[in-house]
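Here's the structure, in C-alpha coordinates; my notes come after.
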Amino acid sequence: MENQLFVYNTLTRRKELFVPINEGRVGMYVCGPTVYGDPHLGHARPAITFDILFRYLRYLGYKVRYVRNITDVGHLVNDADSGEDKIAKKARLENLEPMEVAQHYENRYHKAMDALNVLPPSIEPHASGHIIEQIAMVKDILKSGFGYESEGSVYFDVEKYNHSHNYGALSGRNIDEMLSGARELDGQEEKRHNVDFALWKKAAPEHIMRWPSPWSDGFPGWHLECSAMSKKYLGDEFDIHGGGMDLVFPHHECEIAQSVAATGKPAVRYWLHNNMITIDGQKMSKSAGNFISLEEFFTGNHELLTQAYSAMTIRFFILQAHYRSTVDFSNEALQAAEKGLARLMEAYGNIERLQASGSGLNENIAELPKKSFEALNDDLNTPVAISYLFEASRIINTSLAGQLTLSAEDIEALQAFFDLFLFDLMGLRNEQKDNNASFESFAGAVDMLLNIRQQAKQNKDWATSDKIRNELSALGFEIKDTKDGAEWRLNR
(Lines give C-alpha, C1' and ligand atoms only; values in the text may rest on other atoms or scores of the structure.)
Protein backbone atom coordinates (compact mmCIF):
# COMPACT_ATOMS: atom_id res chain seq x y z
CA MET A 1 0.00 0.00 0.00
CA GLU A 2 2.83 2.39 0.83
CA ASN A 3 4.03 2.69 -2.79
CA GLN A 4 0.60 3.44 -4.29
CA LEU A 5 1.13 7.17 -4.57
CA PHE A 6 -1.49 9.12 -6.50
CA VAL A 7 -0.78 12.70 -7.60
CA TYR A 8 -2.99 15.29 -9.25
CA ASN A 9 -1.63 15.96 -12.72
CA THR A 10 -2.44 19.52 -13.78
CA LEU A 11 -2.03 18.51 -17.43
CA THR A 12 -4.68 15.76 -17.38
CA ARG A 13 -6.72 17.33 -14.55
CA ARG A 14 -7.06 14.09 -12.62
CA LYS A 15 -5.32 12.05 -9.96
CA GLU A 16 -2.98 9.48 -11.42
CA LEU A 17 -0.94 6.63 -10.00
CA PHE A 18 2.67 7.76 -9.90
CA VAL A 19 4.80 5.50 -12.10
CA PRO A 20 8.32 6.81 -12.80
CA ILE A 21 9.80 6.66 -16.27
CA ASN A 22 12.82 4.75 -14.96
CA GLU A 23 12.07 2.16 -12.29
CA GLY A 24 13.51 3.11 -8.92
CA ARG A 25 14.59 6.58 -10.05
CA VAL A 26 12.72 9.89 -10.10
CA GLY A 27 13.60 13.11 -11.87
CA MET A 28 11.92 16.18 -10.32
CA TYR A 29 12.27 19.82 -11.35
CA VAL A 30 10.78 22.69 -9.33
CA CYS A 31 10.87 26.37 -10.23
CA GLY A 32 12.89 28.19 -7.59
CA PRO A 33 13.00 31.89 -6.73
CA THR A 34 13.95 34.94 -8.72
CA VAL A 35 16.52 36.36 -6.32
CA TYR A 36 15.81 40.08 -6.22
CA GLY A 37 14.11 40.45 -2.82
CA ASP A 38 13.63 38.88 0.58
CA PRO A 39 11.93 35.45 0.63
CA HIS A 40 8.32 35.61 1.79
CA LEU A 41 5.46 33.27 2.69
CA GLY A 42 4.68 32.79 -1.00
CA HIS A 43 8.18 31.34 -1.47
CA ALA A 44 7.78 29.08 1.54
CA ARG A 45 4.74 27.23 0.23
CA PRO A 46 6.23 25.62 -2.92
CA ALA A 47 9.48 24.94 -1.08
CA ILE A 48 7.66 23.10 1.72
CA THR A 49 5.20 21.37 -0.63
CA PHE A 50 7.91 19.83 -2.78
CA ASP A 51 10.09 19.16 0.25
CA ILE A 52 7.30 16.87 1.49
CA LEU A 53 7.18 15.14 -1.90
CA PHE A 54 10.98 14.82 -1.95
CA ARG A 55 10.99 13.31 1.53
CA TYR A 56 8.14 10.90 0.76
CA LEU A 57 9.55 9.68 -2.55
CA ARG A 58 12.87 8.95 -0.84
CA TYR A 59 11.05 7.15 1.96
CA LEU A 60 9.28 5.00 -0.65
CA GLY A 61 12.71 3.89 -1.81
CA TYR A 62 13.18 5.99 -4.95
CA LYS A 63 16.51 7.55 -5.81
CA VAL A 64 15.43 11.14 -6.46
CA ARG A 65 17.30 13.75 -8.45
CA TYR A 66 15.64 16.96 -7.31
CA VAL A 67 16.54 20.04 -9.36
CA ARG A 68 15.43 23.49 -8.14
CA ASN A 69 16.68 26.43 -10.15
CA ILE A 70 17.75 29.93 -9.20
CA THR A 71 16.57 32.66 -11.60
CA ASP A 72 19.27 35.30 -11.69
CA VAL A 73 18.72 36.66 -15.21
CA GLY A 74 15.98 36.98 -17.82
CA HIS A 75 12.90 37.52 -15.64
CA LEU A 76 11.60 40.87 -16.83
CA VAL A 77 9.38 43.20 -14.85
CA ASN A 78 6.62 42.58 -17.42
CA ASP A 79 6.02 38.92 -18.30
CA ALA A 80 5.13 40.05 -21.84
CA ASP A 81 8.86 40.32 -22.70
CA SER A 82 9.19 44.00 -21.90
CA GLY A 83 10.63 46.17 -19.18
CA GLU A 84 13.80 45.80 -17.14
CA ASP A 85 15.28 42.61 -15.79
CA LYS A 86 14.07 42.39 -12.19
CA ILE A 87 17.55 41.85 -10.78
CA ALA A 88 19.14 44.52 -12.97
CA LYS A 89 16.47 47.00 -11.84
CA LYS A 90 17.21 46.23 -8.19
CA ALA A 91 20.93 46.62 -8.88
CA ARG A 92 20.39 50.01 -10.54
CA LEU A 93 18.26 51.29 -7.68
CA GLU A 94 20.79 50.16 -5.05
CA ASN A 95 23.93 50.97 -7.07
CA LEU A 96 25.16 47.38 -6.96
CA GLU A 97 26.33 44.77 -9.44
CA PRO A 98 23.42 42.52 -10.56
CA MET A 99 25.22 39.40 -9.34
CA GLU A 100 25.81 41.14 -6.02
CA VAL A 101 22.05 41.55 -5.67
CA ALA A 102 21.41 37.96 -6.77
CA GLN A 103 23.96 36.51 -4.34
CA HIS A 104 22.66 38.57 -1.41
CA TYR A 105 19.07 37.44 -1.81
CA GLU A 106 20.04 33.88 -2.68
CA ASN A 107 21.92 33.71 0.65
CA ARG A 108 18.83 35.02 2.46
CA TYR A 109 16.64 32.48 0.64
CA HIS A 110 18.88 29.61 1.72
CA LYS A 111 18.92 30.88 5.30
CA ALA A 112 15.11 30.94 5.34
CA MET A 113 14.91 27.45 3.82
CA ASP A 114 17.27 26.11 6.49
CA ALA A 115 15.08 27.66 9.20
CA LEU A 116 12.01 26.00 7.65
CA ASN A 117 13.88 22.67 7.59
CA VAL A 118 13.55 22.42 3.81
CA LEU A 119 16.04 19.89 2.49
CA PRO A 120 18.46 21.21 -0.14
CA PRO A 121 17.83 19.95 -3.68
CA SER A 122 20.17 17.55 -5.41
CA ILE A 123 21.17 20.25 -7.91
CA GLU A 124 20.52 23.99 -7.78
CA PRO A 125 21.46 25.44 -11.18
CA HIS A 126 21.58 29.16 -11.99
CA ALA A 127 20.15 30.57 -15.21
CA SER A 128 23.24 32.73 -15.70
CA GLY A 129 25.44 29.64 -15.52
CA HIS A 130 23.64 27.87 -18.37
CA ILE A 131 23.69 30.39 -21.21
CA ILE A 132 25.40 27.89 -23.55
CA GLU A 133 22.64 25.33 -23.02
CA GLN A 134 19.97 27.95 -23.59
CA ILE A 135 21.54 29.14 -26.84
CA ALA A 136 21.74 25.50 -28.01
CA MET A 137 18.02 25.03 -27.30
CA VAL A 138 17.14 28.20 -29.23
CA LYS A 139 19.05 26.77 -32.21
CA ASP A 140 17.08 23.51 -31.96
CA ILE A 141 13.78 25.41 -31.86
CA LEU A 142 14.78 27.46 -34.90
CA LYS A 143 15.64 24.23 -36.76
CA SER A 144 12.20 22.84 -35.94
CA GLY A 145 10.59 25.85 -37.60
CA PHE A 146 8.79 27.06 -34.46
CA GLY A 147 11.11 29.98 -33.78
CA TYR A 148 12.03 33.06 -35.79
CA GLU A 149 14.63 35.80 -35.56
CA SER A 150 13.58 39.45 -35.56
CA GLU A 151 15.94 42.39 -35.17
CA GLY A 152 18.45 40.45 -33.11
CA SER A 153 15.86 38.78 -30.88
CA VAL A 154 14.39 35.29 -31.28
CA TYR A 155 10.72 34.53 -30.63
CA PHE A 156 8.58 31.41 -30.43
CA ASP A 157 5.82 31.25 -33.07
CA VAL A 158 2.84 30.24 -30.93
CA GLU A 159 0.30 30.27 -33.75
CA LYS A 160 2.39 27.98 -35.96
CA TYR A 161 3.03 25.62 -33.04
CA ASN A 162 -0.69 25.49 -32.26
CA HIS A 163 -1.49 24.28 -35.79
CA SER A 164 0.18 20.94 -35.02
CA HIS A 165 0.11 20.91 -31.20
CA ASN A 166 -2.15 22.13 -28.42
CA TYR A 167 -0.75 25.33 -26.97
CA GLY A 168 -2.93 25.78 -23.90
CA ALA A 169 -3.15 22.12 -22.90
CA LEU A 170 -1.80 22.80 -19.41
CA SER A 171 -3.68 26.00 -18.61
CA GLY A 172 -6.88 25.17 -20.50
CA ARG A 173 -6.64 28.40 -22.49
CA ASN A 174 -7.98 28.63 -26.02
CA ILE A 175 -5.24 29.96 -28.26
CA ASP A 176 -7.68 30.99 -30.98
CA GLU A 177 -9.50 33.21 -28.50
CA MET A 178 -6.16 34.60 -27.32
CA LEU A 179 -5.15 35.41 -30.89
CA SER A 180 -8.46 37.04 -31.75
CA GLY A 181 -8.46 39.02 -28.50
CA ALA A 182 -4.89 40.26 -28.84
CA ARG A 183 -4.29 43.80 -30.03
CA GLU A 184 -3.24 44.17 -33.63
CA LEU A 185 0.42 44.85 -34.24
CA ASP A 186 1.21 48.14 -35.93
CA GLY A 187 4.03 46.83 -38.06
CA GLN A 188 6.73 48.22 -35.78
CA GLU A 189 6.73 45.30 -33.33
CA GLU A 190 9.37 42.59 -33.48
CA LYS A 191 6.85 39.82 -32.87
CA ARG A 192 4.67 38.26 -35.55
CA HIS A 193 1.88 37.78 -33.02
CA ASN A 194 1.28 39.36 -29.66
CA VAL A 195 1.14 35.93 -27.97
CA ASP A 196 4.61 34.95 -29.18
CA PHE A 197 7.21 34.86 -26.43
CA ALA A 198 10.94 35.59 -26.34
CA LEU A 199 13.54 32.86 -26.54
CA TRP A 200 16.40 35.35 -26.78
CA LYS A 201 16.27 39.12 -26.33
CA LYS A 202 18.66 41.59 -27.88
CA ALA A 203 20.03 43.76 -25.08
CA ALA A 204 19.45 47.49 -25.17
CA PRO A 205 22.65 49.58 -24.89
CA GLU A 206 22.02 50.26 -21.19
CA HIS A 207 21.29 46.62 -20.35
CA ILE A 208 24.05 45.31 -18.05
CA MET A 209 23.41 41.55 -18.16
CA ARG A 210 24.28 40.37 -21.66
CA TRP A 211 26.02 37.50 -23.44
CA PRO A 212 27.15 36.97 -27.06
CA SER A 213 24.97 34.79 -29.27
CA PRO A 214 24.56 34.10 -33.01
CA TRP A 215 21.76 36.67 -33.07
CA SER A 216 22.94 39.50 -30.83
CA ASP A 217 24.52 40.39 -27.54
CA GLY A 218 21.56 39.72 -25.30
CA PHE A 219 20.02 37.45 -22.71
CA PRO A 220 17.71 34.41 -22.61
CA GLY A 221 13.95 34.55 -22.18
CA TRP A 222 12.64 33.66 -18.73
CA HIS A 223 10.71 30.60 -19.93
CA LEU A 224 13.71 29.15 -21.73
CA GLU A 225 15.94 28.69 -18.71
CA CYS A 226 13.85 25.97 -17.04
CA SER A 227 13.49 23.97 -20.26
CA ALA A 228 17.25 24.10 -20.89
CA MET A 229 18.33 23.28 -17.33
CA SER A 230 15.79 20.49 -16.81
CA LYS A 231 16.92 18.95 -20.10
CA LYS A 232 20.57 19.12 -19.07
CA TYR A 233 20.13 17.48 -15.66
CA LEU A 234 17.05 15.28 -16.13
CA GLY A 235 17.07 14.46 -19.85
CA ASP A 236 14.53 14.96 -22.64
CA GLU A 237 11.83 13.29 -20.54
CA PHE A 238 11.48 13.31 -16.76
CA ASP A 239 8.86 12.56 -14.14
CA ILE A 240 7.73 15.62 -12.17
CA HIS A 241 7.71 19.36 -12.77
CA GLY A 242 6.40 21.50 -9.93
CA GLY A 243 5.76 25.08 -8.95
CA GLY A 244 3.06 27.51 -7.93
CA MET A 245 -0.25 27.76 -9.78
CA ASP A 246 0.71 31.27 -10.84
CA LEU A 247 3.34 29.68 -13.11
CA VAL A 248 0.90 27.51 -15.08
CA PHE A 249 0.46 30.31 -17.60
CA PRO A 250 2.50 31.55 -19.27
CA HIS A 251 5.67 30.05 -17.81
CA HIS A 252 4.93 26.34 -17.75
CA GLU A 253 2.76 26.46 -20.86
CA CYS A 254 5.72 27.97 -22.69
CA GLU A 255 8.06 25.33 -21.27
CA ILE A 256 5.94 22.56 -22.76
CA ALA A 257 5.93 24.25 -26.17
CA GLN A 258 9.70 24.84 -26.10
CA SER A 259 10.50 21.26 -25.14
CA VAL A 260 8.24 19.77 -27.80
CA ALA A 261 9.70 22.10 -30.43
CA ALA A 262 13.31 21.36 -29.43
CA THR A 263 13.13 17.59 -28.83
CA GLY A 264 9.82 16.41 -30.25
CA LYS A 265 8.85 15.25 -26.75
CA PRO A 266 6.63 16.87 -24.08
CA ALA A 267 9.38 16.38 -21.44
CA VAL A 268 7.21 16.09 -18.29
CA ARG A 269 4.94 13.21 -17.25
CA TYR A 270 3.37 14.78 -14.13
CA TRP A 271 2.77 18.50 -13.61
CA LEU A 272 2.13 19.41 -9.95
CA HIS A 273 1.16 22.88 -8.73
CA ASN A 274 0.61 24.26 -5.26
CA ASN A 275 -2.02 26.95 -4.69
CA MET A 276 -1.41 30.48 -3.43
CA ILE A 277 -0.98 32.17 -0.09
CA THR A 278 -3.46 35.04 0.08
CA ILE A 279 -4.10 38.10 2.23
CA ASP A 280 -7.73 39.18 2.27
CA GLY A 281 -8.30 36.97 -0.75
CA GLN A 282 -5.49 38.52 -2.83
CA LYS A 283 -2.36 36.60 -3.82
CA MET A 284 0.65 37.44 -1.66
CA SER A 285 3.45 38.63 -3.93
CA LYS A 286 6.17 41.21 -4.35
CA SER A 287 4.42 42.69 -7.37
CA ALA A 288 1.23 43.25 -5.37
CA GLY A 289 3.22 44.82 -2.55
CA ASN A 290 1.29 42.86 0.08
CA PHE A 291 3.91 40.32 1.06
CA ILE A 292 5.37 39.70 4.50
CA SER A 293 8.95 38.45 4.43
CA LEU A 294 9.86 35.31 6.32
CA GLU A 295 12.31 37.33 8.40
CA GLU A 296 9.41 39.59 9.45
CA PHE A 297 7.40 36.52 10.48
CA PHE A 298 10.32 35.25 12.53
CA THR A 299 10.82 38.61 14.28
CA GLY A 300 7.20 39.86 14.34
CA ASN A 301 8.42 43.13 12.83
CA HIS A 302 5.50 43.94 10.48
CA GLU A 303 2.37 46.04 10.93
CA LEU A 304 0.09 43.11 10.03
CA LEU A 305 1.64 40.82 12.66
CA THR A 306 0.62 40.78 16.31
CA GLN A 307 3.60 38.62 17.34
CA ALA A 308 6.61 36.73 16.06
CA TYR A 309 6.09 33.22 14.68
CA SER A 310 8.70 30.48 14.65
CA ALA A 311 9.80 28.79 11.46
CA MET A 312 8.15 25.54 12.52
CA THR A 313 4.85 27.35 13.16
CA ILE A 314 5.03 28.66 9.58
CA ARG A 315 5.77 25.17 8.24
CA PHE A 316 2.96 23.61 10.25
CA PHE A 317 0.55 26.38 9.17
CA ILE A 318 1.26 25.56 5.52
CA LEU A 319 1.00 21.79 6.00
CA GLN A 320 -2.40 22.05 7.71
CA ALA A 321 -3.93 22.86 4.31
CA HIS A 322 -3.80 20.63 1.26
CA TYR A 323 -1.19 21.94 -1.15
CA ARG A 324 -3.79 22.51 -3.91
CA SER A 325 -6.04 24.67 -1.71
CA THR A 326 -5.55 28.36 -1.04
CA VAL A 327 -4.32 29.46 2.37
CA ASP A 328 -5.41 32.86 3.63
CA PHE A 329 -3.06 34.57 6.06
CA SER A 330 -4.36 35.74 9.43
CA ASN A 331 -2.83 36.09 12.87
CA GLU A 332 -5.64 33.94 14.26
CA ALA A 333 -4.80 31.08 11.89
CA LEU A 334 -1.10 31.28 12.72
CA GLN A 335 -1.80 31.37 16.45
CA ALA A 336 -4.02 28.29 16.08
CA ALA A 337 -1.19 26.56 14.20
CA GLU A 338 1.24 27.52 16.96
CA LYS A 339 -1.02 25.99 19.62
CA GLY A 340 -1.69 22.87 17.56
CA LEU A 341 2.00 22.24 16.98
CA ALA A 342 2.70 22.79 20.68
CA ARG A 343 0.09 20.13 21.50
CA LEU A 344 1.80 17.62 19.23
CA MET A 345 5.25 18.35 20.63
CA GLU A 346 3.94 18.12 24.19
CA ALA A 347 2.35 14.76 23.42
CA TYR A 348 5.60 13.55 21.88
CA GLY A 349 7.49 14.61 25.01
CA ASN A 350 4.96 12.78 27.16
CA ILE A 351 5.63 9.42 25.49
CA GLU A 352 8.57 8.85 27.83
CA ARG A 353 6.20 9.30 30.80
CA LEU A 354 3.89 6.49 29.69
CA GLN A 355 3.81 3.41 31.90
CA ALA A 356 3.50 0.04 30.18
CA SER A 357 1.17 -2.66 31.46
CA GLY A 358 -0.24 -5.67 29.70
CA SER A 359 0.81 -6.92 26.28
CA GLY A 360 -0.23 -6.77 22.67
CA LEU A 361 -0.72 -3.88 20.27
CA ASN A 362 -3.81 -1.65 20.52
CA GLU A 363 -5.74 -1.90 17.24
CA ASN A 364 -6.31 1.86 17.05
CA ILE A 365 -2.58 2.53 17.43
CA ALA A 366 -1.71 -0.13 14.88
CA GLU A 367 -4.00 1.55 12.33
CA LEU A 368 -2.44 5.01 12.65
CA PRO A 369 0.53 4.48 10.27
CA LYS A 370 -1.67 2.73 7.69
CA LYS A 371 -4.20 5.57 7.69
CA SER A 372 -1.45 8.17 7.49
CA PHE A 373 0.17 6.44 4.53
CA GLU A 374 -3.25 6.36 2.84
CA ALA A 375 -3.51 10.12 3.36
CA LEU A 376 -0.07 10.86 1.89
CA ASN A 377 -0.69 8.45 -0.99
CA ASP A 378 -3.84 10.44 -1.77
CA ASP A 379 -2.02 13.34 -3.43
CA LEU A 380 0.01 14.26 -0.33
CA ASN A 381 -2.98 14.96 1.91
CA THR A 382 -0.95 16.37 4.78
CA PRO A 383 -3.93 17.78 6.78
CA VAL A 384 -5.46 14.31 7.07
CA ALA A 385 -2.09 12.81 8.01
CA ILE A 386 -1.73 15.50 10.68
CA SER A 387 -5.17 14.63 12.04
CA TYR A 388 -3.86 11.14 12.87
CA LEU A 389 -0.98 12.70 14.79
CA PHE A 390 -3.59 14.51 16.87
CA GLU A 391 -5.37 11.19 17.34
CA ALA A 392 -2.11 9.70 18.62
CA SER A 393 -1.77 12.70 20.97
CA ARG A 394 -5.26 12.03 22.34
CA ILE A 395 -4.29 8.41 23.06
CA ILE A 396 -1.15 9.53 24.90
CA ASN A 397 -3.01 12.08 27.01
CA THR A 398 -5.82 9.63 27.80
CA SER A 399 -3.26 7.10 29.01
CA LEU A 400 -1.51 9.68 31.19
CA ALA A 401 -4.87 10.54 32.74
CA GLY A 402 -5.19 6.90 33.78
CA GLN A 403 -8.12 6.21 31.45
CA LEU A 404 -6.32 3.93 28.99
CA THR A 405 -3.86 1.07 29.48
CA LEU A 406 -0.97 0.79 27.05
CA SER A 407 1.49 -2.01 26.50
CA ALA A 408 5.20 -1.67 25.79
CA GLU A 409 4.38 -2.45 22.16
CA ASP A 410 1.86 0.41 22.11
CA ILE A 411 4.38 2.90 23.50
CA GLU A 412 7.04 1.78 21.06
CA ALA A 413 4.58 2.09 18.15
CA LEU A 414 3.56 5.61 19.21
CA GLN A 415 7.20 6.65 19.43
CA ALA A 416 7.92 5.26 15.95
CA PHE A 417 4.76 6.87 14.53
CA PHE A 418 5.75 10.34 15.71
CA ASP A 419 9.37 9.91 14.65
CA LEU A 420 8.37 8.93 11.11
CA PHE A 421 5.41 11.16 10.35
CA LEU A 422 5.95 14.26 12.47
CA PHE A 423 9.71 14.58 12.07
CA ASP A 424 10.94 12.57 9.07
CA LEU A 425 8.08 13.05 6.60
CA MET A 426 6.45 16.30 7.75
CA GLY A 427 9.91 17.72 8.40
CA LEU A 428 8.98 19.41 11.67
CA ARG A 429 11.54 20.04 14.40
CA ASN A 430 11.06 20.11 18.14
CA GLU A 431 12.03 23.74 18.64
CA GLN A 432 11.70 23.56 22.43
CA LYS A 433 14.15 20.67 22.52
CA ASP A 434 16.46 22.52 20.12
CA ASN A 435 16.28 25.64 22.30
CA ASN A 436 17.06 23.61 25.40
CA ALA A 437 20.02 21.99 23.67
CA SER A 438 21.26 25.40 22.51
CA PHE A 439 20.97 26.79 26.03
CA GLU A 440 22.83 23.81 27.48
CA SER A 441 25.70 24.45 25.05
CA PHE A 442 25.60 28.16 25.84
CA ALA A 443 25.62 27.53 29.60
CA GLY A 444 28.41 25.01 29.25
CA ALA A 445 30.58 27.59 27.49
CA VAL A 446 29.99 30.15 30.28
CA ASP A 447 30.77 27.56 32.95
CA MET A 448 33.98 26.68 31.14
CA LEU A 449 35.08 30.35 31.15
CA LEU A 450 34.33 30.62 34.87
CA ASN A 451 36.33 27.45 35.53
CA ILE A 452 39.28 29.02 33.68
CA ARG A 453 38.80 32.17 35.77
CA GLN A 454 38.77 30.09 38.98
CA GLN A 455 41.99 28.37 37.92
CA ALA A 456 43.54 31.79 37.19
CA LYS A 457 42.57 33.00 40.66
CA GLN A 458 44.18 29.94 42.24
CA ASN A 459 47.35 30.71 40.28
CA LYS A 460 47.13 34.37 41.39
CA ASP A 461 46.75 35.38 37.75
CA TRP A 462 44.55 38.34 38.64
CA ALA A 463 44.80 39.94 35.19
CA THR A 464 43.20 36.94 33.49
CA SER A 465 40.64 36.53 36.27
CA ASP A 466 39.57 40.18 36.07
CA LYS A 467 39.52 40.16 32.26
CA ILE A 468 37.09 37.21 32.12
CA ARG A 469 34.84 38.74 34.79
CA ASN A 470 34.83 42.20 33.19
CA GLU A 471 34.14 40.96 29.68
CA LEU A 472 31.31 38.69 30.87
CA SER A 473 29.85 41.61 32.82
CA ALA A 474 30.02 43.82 29.73
CA LEU A 475 27.99 41.17 27.87
CA GLY A 476 25.26 41.32 30.51
CA PHE A 477 26.31 38.51 32.87
CA GLU A 478 26.08 38.97 36.61
CA ILE A 479 28.89 37.02 38.29
CA LYS A 480 28.74 36.16 42.00
CA ASP A 481 31.75 34.54 43.65
CA THR A 482 30.98 31.82 46.22
CA LYS A 483 33.06 29.52 48.38
CA ASP A 484 32.51 26.76 45.77
CA GLY A 485 33.50 28.87 42.74
CA ALA A 486 31.13 31.26 40.98
CA GLU A 487 27.46 31.58 40.04
CA TRP A 488 26.14 33.50 37.05
CA ARG A 489 22.97 34.76 35.50
CA LEU A 490 22.22 36.69 32.31
CA ASN A 491 20.50 40.02 32.92
CA ARG A 492 19.37 40.66 29.34
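Within segment 326-354, being within 20 Å of GLY281 (Cα to Cα) and among the aromatic types (Phe, Trp, Tyr) holds for one residue alone: PHE329.
Candidates in segment 203-260 are the residues that are part of a helix (DSSP H, G or I), among the aliphatic types (A, V, I, L, M) and more than 15 Å from GLY32 (Cβ to Cβ); of these, the one that is farthest from the chain's Cα centre (by Cα) is VAL260. Within segment 188-202, being outside any loop (DSSP other than H, G, I, E, B) and either more than 15 Å from ILE131 (Cβ to Cβ) or of a type in the set (A, V, I, L, M) (or both) holds for PHE197, ALA198, LEU199. Of the residues making up segment 276-318, those that are assigned to a helix (DSSP H, G or I), β-branched (Val, Ile, Thr) and in contact (Cβ under 8 Å) with a residue 24 or more places away in the chain are THR313, ILE314, ILE318. Consider SER213 carefully, then state whether it is crowded, with 24+ Cβ neighbours inside 10 Å, under 16 Å from ILE141 (Cα atoms) and small (Gly, Ala, Ser). No; evaluated as a whole, the condition is false for this residue. Here segment 380-404 is the region considered, the condition is being crowded, with 19+ Cβ neighbours inside 10 Å and either assigned by TED's automatic domain parsing to the domain that holds TYR59 or not hydrophobic (A, V, I, L, M, F, W, C) (or both), and the residue that is nearest to ALA337 (Cα to Cα) is THR382. The residue that is modelled with the highest pLDDT, counting only those in segment 424-435 that are among the polar types (S, T, N, Q) and part of a helix (DSSP H, G or I), is GLN432. Of all the criteria given as (1) out of contact with any Asp or Glu (no Cβ under 8 Å at 6 or more places or on another chain); (2) free of Cβ contacts under 8 Å to residues at least 40 places away in the same chain; (3) crowded, with 18+ Cβ neighbours inside 10 Å, the one not satisfied by CYS254 is (2). Within segment 338-397, being farther than 17 Å from GLU409 by Cα and aliphatic (A, V, I, L, M) holds for LEU341, ALA342, LEU344, MET345, ALA347, ALA375, LEU376, LEU380, VAL384, ALA385, ILE386, LEU389. Annotation note: Cβ proximity below 6 Å between a residue of segment 459-474 that is within 13 Å of ALA486 (Cα to Cα) and a residue that is surrounded by 14 or more Cβ atoms within 10 Å (Cβ to Cβ) and small (Gly, Ala, Ser) (sequence gap 6+ or interchain) occurs for SER465/ALA456. Here segment 115-142 is the region considered, the condition is being touching a strand residue (DSSP E or B) at 6+ places or on another chain (Cβ under 8 Å) and among the β-branched types (Val, Ile, Thr), and the residue that is surrounded by the fewest Cβ atoms within 10 Å (Cβ to Cβ) is ILE123.
Here is a yes/no grid of residues against (1) surrounded by fewer than 18 Cβ atoms within 10 Å (Cβ to Cβ); (2) touching a helix residue (DSSP H, G or I) at 6+ places or on another chain (Cβ under 8 Å); (3) not assigned by TED's automatic domain parsing to the domain that holds HIS241:
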{"site": "TYR270", "(1), (2), (3)": "no, no, no"}
{"site": "THR299", "(1), (2), (3)": "yes, no, yes"}
{"site": "VAL327", "(1), (2), (3)": "no, yes, yes"}
{"site": "LEU344", "(1), (2), (3)": "no, yes, yes"}
{"site": "ALA347", "(1), (2), (3)": "no, yes, yes"}
{"site": "ASN362", "(1), (2), (3)": "no, yes, yes"}
{"site": "LYS370", "(1), (2), (3)": "yes, no, yes"}
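Just give me the residues in segment 12-33 being surrounded by fewer than 20 Cβ atoms within 10 Å (Cβ to Cβ) and not charged (D, E, K, R), in sequence order. Within segment 12-33, THR12, LEU17, VAL19, PRO20, ILE21, ASN22, GLY24 qualify.
With respect to the conditions (1) at pLDDT 95 or above; (2) within 23 Å of ASP157 (Cα to Cα); (3) among the basic types (Lys, Arg); (4) surrounded by fewer than 19 Cβ atoms within 10 Å (Cβ to Cβ), LYS232 lacks only one, and its number is (2).
The values are calculated or read from the model by the stated rules, or taken from the named source; none is laboratory data. Everything numeric here is computed off the predicted structure, so don't read it as measured data. Backbone-built Cβ (ideal geometry, glycine too); neighbour counts: all protein chains shown.
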